[in-house]
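Enquirer: Here's a structure for you.
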Amino acid sequence: MTDISLDAIAEWTHRDWQQYAAKLPIDGRMLCGGDRVDAADGETVETINPATGAVVGHIARARSRDIDRAVAAGVSAHRAGAWSRMAPRDRAAVLFRWAALIERHAAEFCALDTVEMGRPIADMVHVDMPEALKTIRFFAESVDKITGTTTATASDVLHYTLHQPLGVVGAISPWNYPLLMAIWKVAPALAAGNSVILKPAEQAALSSLRMGDLFVEAGGPADAFAVVPGLGEEAGAALGLHMQVDKVTFTGSAAVGKELMKAAGASNLKQVALECGGKSPQLLFADLPDLDRAVDAAIDGIFANMGEVCNAGSRLLVQKSIYDKVQQRFAERAPGRYVPGDPLDPNVTCGPLVEYAAQDRVQGYKLCAEREGARKLFEETLRPELSAGAYVAPTAYADVRPDMTIAQEEIFGPVTAMIPFADEDEAIRIANDSIYGLAAGIWTSNLSTAHRCVRDLEAGTIWVNTFDDGDMTQPFGGWKQSGNSRDKCFESMLEYTQSKSAWVQV
Ligand code: NAD
């Protein structure tokens with residue numbers, strides 16, 4: 001079913017989505033050379049709906065032979081120039097048509113990510129779809145803004161620089177926003193003129209495959225974009241080790257990021273761009289301007305998308321003089337805001353976790369928090385009829401010490417750790433005591449406190465008196481083990497180019 005506007009699906013009821021999802025066409029074959037094909041050895045991987053345990057479909061289990069095939073096509077497309085040398089405005093036109101086609105299939109994309117990953121349908125309709133379209137259109141608008149420079153050489157020399165595509169880019173995406181995270185990588189890499197091989201996460205690959213189909217339908221050269229699903233340690237690792245992949249751009253865990261850096265060293269020294277995990281702190285100072293707003297942002301910052309958010313505000317640092325008040329307000333305002341339920345229901349804000357293994361892992365962290373002496377401040381009700389799904393009740397712990405496991409490790413679930421601090425110095429020290437540095441939030445009325453914290457916090461994004469806001473112009477990425485590159489923003493597209501210096505003796 002196509003041509004249903006985003007406005008129209010915003011009105012759909014739970015029943016509408018259930019009926020639509022029951023008839024979703026599922027095709028998990030890989031996209032290579034513009035065609036859907038099986039993996040070379042015909043093997044597949046099951047994908048499961050984490051809300052019910054039902055099988056959604058089977059995706060191709062690509063291995064190194066399949067990656068070789070996609071890369072060979074990408075290399076020849078790059079050399080032939082059908083995409084890499086296409087006039088920038090023509091390339092932009094393809095990207096605009098691609099966005100329009102994805103928009104026409106919005107219902108399908110929203111439903112696919114919800115049934116595979118458990119993301120609430122309302123978030124798909126109101127956040128991921130509009131953001132995905134904005135991302136493609138932003139980079140389409142940017143294609144003809146890439147410029148080189150002429151430099152101040154002697155008068156008998158003309159020296160200029162060019163930004164040219166790298167060649168073949170391997171994009172490895174996670175499952176937590178399946179469509180959107182893939183598009184954050186693929187759109188700028190394609191816009192810059194590269195051939196792209198996308199390896200989506202095995203838990204939620206179907207929307208990536210469909211966006212590949214639509215790129216070809218939009219007039220994109222068939223060999224310039226392949227979508228090759230499969231397991232990380234097989235298809236993903238093969239991309240990382242491939243001698244003809246010029247760059248791997250990755251979003252996922254720091255552990256896999258390290259493997260990809262090793263693989264680059266063991267193969268062709270390909271560039272490796274990493275967007276990894278986080279343990280983002282929110283700092284609530286006693287002089288914060290609006291307690292309810294800060295507490296709501298603290299709740300949303302950890303419970304939205306079931307806490308499966310790289311920049312989730314998973315550490316809540318609260319100044320001692322307002323510590324009791326913040327706990328009380330949290331316990332009053334959190335109940336009812338993220339009640340687990342069927343993610344196909346537009347009124348539901350909290351779905352299941354992505355898979356049963358994640359449910360076990362997060363439950364394990366809760367037990368560990370209690371064993372190490374944290375106090376449970378809040379736990380949402382989990383209705384017994386949800387027991388077949390991978391649900392975890394959103395939970396907050398107070399009296400957490402900075403050295404406890406839940407204050408140090410990325411849980412990637414709806415669990416927050418409330419930590420008291422005495423003053424600004426201690427707050428900064430606790431906030432920076434992490435291997436990660438993706439984002440942080442500060443709540444204060446004091447301009448000097450705010451700017452000092454912006455200066456001193458070790459993170460790629462700092463929000464002041466807000467949390468988790470964003471714009472396409474904002475570079476997004478981490479410090480320390482949270483990563484080494486930036487998504488979104490014009491500059492991120494330049495990361496998919498290489499500069500060339502031309503020296504012309506006149
Ligand atoms: P993951 O690292 O397990 O998997 C991510 C991707 O890497 C998947 O496609 C997977 O198949 C692939 N992969 C797994 N093993 C591989 C290997 N050995 N070689 C190559 N590829 C391999 O992460 P995940 O569980 O899918 O995602 C959660 C992580 O992603 C969290 O740490 C989260 O913070 C991070 N994340 C970061 C950002 C960001 O922008 N910084 C955004 C979203 C998620």
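Enquirer: Among 175, 70, 502, flag the residue with its Cα farthest along the positive direction of the charge dipole of the chain, charges on Cβ as +1 for Lys/Arg and -1 for Asp/Glu.
Expert: 502
Enquirer: Checking the cross-link filter: which aspartates and glutamates have an alpha carbon closer than 15 Å to that of residue 376, excluding same-chain neighbours under 8 positions apart?
Expert: Answer for residue 376, where 15 Å is the Cα cut-off: 324, 332, 399, listed by chain and number.
Enquirer: In whole percent, how big is the carbon plus sulfur part of the accessible area of the chain, probe 1.4 Å, protein atoms only?
Expert: 51 percent
Enquirer: I'd like to check one number: the per residue accessible area of segment 386-506, probe 1.4 Å, reported in Å² as a whole number.
Expert: For segment 386-506, the per-residue accessible area is 41 Å².
Enquirer: I would also like to ask the following. Assign unit charges at the C-beta atoms only (+1 for Lys and Arg, -1 for Asp and Glu), then state the dipole size of segment 238-292 relative to its Cα centre in Debye, rounded to the nearest 20. Could the numbers behind the result be given before it?
Expert: Values: 5 positive and 6 negative charges, 112 e Å.
Its charge dipole is roughly 540 debye.
Enquirer: Using Cα atoms only, what is the angle between the long axis of helix 254-266 and the major principal axis of the chain, expressed in degrees (0 to 90) to the nearest 10?
Expert: Rounded to the nearest ten degrees, it is 30.
Enquirer: May I ask you to list the lysines whose Cα is less than 25 Å away from that of residue 270, ignoring any residue fewer than eight positions away on the same chain?
Expert: 185, 199, 247, 258, 262, 480, 488, 500
Enquirer: If each DSSP helix of 4+ residues adds -39,500 (n - 2.57) and the sum is divided by the residues in the chain, what number results at 222 nm, nearest 500 deg cm²/dmol?
Expert: -11500 deg cm²/dmol
Enquirer: P(r) for segment 130-244, please, calculated from all Cα pair distances in 5 Å bins and given in %.
Expert: For segment 130-244, the binned pair fractions read 2, 11, 19, 21, 16, 11, 7, 5, 4, 3, 1, 0 percent.
Enquirer: Antiparallel versus total DSSP beta bridges in segment 283-426: what percent is that, nearest 5?
Expert: So the antiparallel bridges amount to about 25 percent of the total.
Enquirer: Around residue 498, which amide H atoms from residues at least 5 apart in sequence, or from another chain, sit under 5 Å from its own amide H, with H modelled in the peptide plane?
Expert: 164, 166
Enquirer: Roughly what angle does helix 88-104 make with the longest principal axis of the chain, taking Cα atoms, 0 to 90 degrees, to the nearest 10?
Expert: The angle comes out near 50 degrees.
Enquirer: Another question about this same structure. For helix 356-371, report the angle its Cα long axis makes with the longest principal axis of the Cα atoms of the chain; keep it between 0 and 90° and round to the nearest 10°.
Expert: Its long axis makes an angle of about 40 degrees.
Enquirer: Follow-up question, since we're still on this one. First check a/c for segment 356-456, with a ≥ b ≥ c the square roots of the eigenvalues of its C-alpha gyration tensor; if it is under 1.5, answer rounded, and if not, answer prolate when a/b is larger than b/c or oblate otherwise.
Expert: Because a/c hits 1.5 or more and a/b exceeds b/c, segment 356-456 counts as prolate.
Enquirer: Quick check for me: using +1 on Lys/Arg Cβ and -1 on Asp/Glu Cβ, what's the dipole size of the chain about its Cα centre, in debye to the nearest 20?
Expert: Values: 47 positive and 66 negative charges, 213 e Å.
Dipole about the Cα centre, nearest 20: 1020 debye.
Enquirer: Can you give the three extents of the C-alpha atoms in the chain along their principal axes, from longest to shortest, in whole Å?
Expert: The Cα atoms of the chain stretch 71, 63, 44 Å along their principal axes.
Enquirer: Also, I was wondering about something else. Tally the DSSP beta bridges in the chain and give the antiparallel ones as a percent, rounded to 5.
Expert: 40 percent
Enquirer: Counting C-alpha atoms alone, how compact is segment 261-317: give Rg to one decimal and Dmax as a whole number, in angstrom.
Expert: Considering segment 261-317 through its Cα atoms, Rg and Dmax are 17.5, 53 Å.
Enquirer: With every protein chain kept in place and ligands, DNA and RNA left out, what is the accessible area per residue of segment 105-219? Probe 1.4 Å, answer in Å².
Expert: Result: 25 Å² per residue.
The values are calculated or read from the model by the stated rules, or taken from the named source; none is laboratory data. In this text the structure is predicted, and so the values were computed from the model without any measurement. Neighbour counts run over all protein chains shown; Cβ positions are idealised from the backbone, glycine included. For accessibility, only protein heavy atoms count, side chains too; no ligands or nucleic acids. Shrake-Rupley method; radii C 1.70, N 1.55, O 1.52, S 1.80 Å.
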